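In what follows, a structure is listed as structure tokens, so that the remarks can point back to it.
The values are calculated or read from the model by the stated rules, or taken from the named source; none is laboratory data. Source: prediction; values computed, not measured. Cβ sites come from the backbone with ideal geometry, for glycine too, and all protein chains shown count toward neighbours.
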Amino acid sequence: MRHRVKSKKLGRNIKQRKALFKSLLTNLIFKEQIKTTEAKAKAIKPLIDKLMTKARQGSLSCRRQVMAFLSHKKAANHLFDVIAPRAKKRNSGFTRIVRLGQRRGDNTMMAKIEFVDKIESSLTPGVKEVPTPGVKVEK
């Protein structure tokens with residue numbers, strides 16, 4: 001029975017699970033979408049939503065709380081400076097989980113978790129983006 005059990009253990013002890021979640025959250029913040037198993041995506045969805053709620057507030061204490069949780073300063077700054085301003089109009093539901101099908105090796109259901117308000121880099125994959133006139137692009 002699952003009475004009073006808050007979350008899935010994912011076959012790990014608490015320290016490994018926390019490290020896994022921090023790694024997944026950091027990658028999600030930097031890349032704005034990640035491909036993982038459905039169980040892991042469902043496990044980090046409430047965590048990223050709580051971090052986004054704090055980032056939307058934008059206060060110094062919230063920034064320090066997020067930095068303490070993520071322990072990655074650049075990820076916290078990216079969350080506050082880039083991702084949170086795009087989600088100012090939303091009250092909740094900052095992420096979505098899209099099922100991708102089963103993994104070939106072990107038949108595990110794979111999923112993609114992404115931010116709802118992400119910026120699309122191009123309309124079709126493989127097509128280069130046309131630069132804006134008058135804007136220098138350094139390579």
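Whether a residue is assigned to a helix (DSSP H, G or I), under 24 Å from Ile119 (Cα atoms) and not small (Gly, Ala, Ser) was assessed, and Ile83 passes this test.
Can you find even one residue in the stretch 45-58 that is among the small types (Gly, Ala, Ser), outside any helix (DSSP H, G or I) and either without any contact (Cβ under 8 Å) to a residue 12 or more places away in the chain or surrounded by fewer than 18 Cβ atoms within 10 Å (Cβ to Cβ) (or both)? Yes, there is a match, as at least one residue in the stretch 45-58 is among the small types (Gly, Ala, Ser), outside any helix (DSSP H, G or I) and either without any contact (Cβ under 8 Å) to a residue 12 or more places away in the chain or surrounded by fewer than 18 Cβ atoms within 10 Å (Cβ to Cβ) (or both). Out of Ser92, Ser61, one residue alone is surrounded by fewer than 12 Cβ atoms within 10 Å (Cβ to Cβ), modelled with pLDDT of 95 or more and out of contact with any strand residue (DSSP E or B) (no Cβ under 7 Å at 6 or more places or on another chain). It is Ser61.
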